[in-house]
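A short worksheet on the structure shown next.
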């Protein structure tokens, strides 16, 4: 549930977890009765805000990230090298992904019944301008160099030039 509060024509949005709705109902009840207990209302609203902002702390707006799933084939002869490049001790382009507001980036590897090896990637975009962040990442010399190493190891699915984005059909919050 989201609550919209207006102050000086500025709209603030607070995403309220379900377990906080009773406090919200109390605030509404107090406001409907025209009780002058502004301190109580302010206290409850502060508690609701603190409970709903999570890691971002100071921001009042909380929104779900854009979740991206993608798939591409990998040439079997490059699997070991690809794993080495993506090992935890290799910084690769991790810092660039963070700068591009890409979080929880994960790549999974699996051989399917057709005999081909596939990489399944997932990340969450948490920024405000997906297109601009992706364009900036695509132009960064470090990312270009990284792709020059990794791209020859992969085989795009038919009809694609690189990773094929997958349709999200389920998410458990």
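Points to keep in mind about this one:
- Meets criteria (in contact with a strand residue (DSSP E or B) (Cβ under 9 Å, 6 or more places away or on another chain), surrounded by fewer than 11 Cβ atoms within 10 Å (Cβ to Cβ) and either closer than 20 Å to residue 154 by Cα or at pLDDT 80 or above (or both)) for residue 78: no
- Condition check for residue 121: surrounded by 11 or more Cβ atoms within 10 Å (Cβ to Cβ), more than 20 Å from residue 71 (Cα to Cα), assigned by TED's automatic domain parsing to the domain that holds residue 74 and in contact (Cβ under 8 Å) with a residue 12 or more places away in the chain: no
The values are calculated or read from the model by the stated rules, or taken from the named source; none is laboratory data. Every value quoted in this text rests on a predicted model; they were computed, and no experiment measured them. Note: ideal-geometry Cβ built from the backbone for every residue, glycine included; neighbour counts use all protein chains shown.
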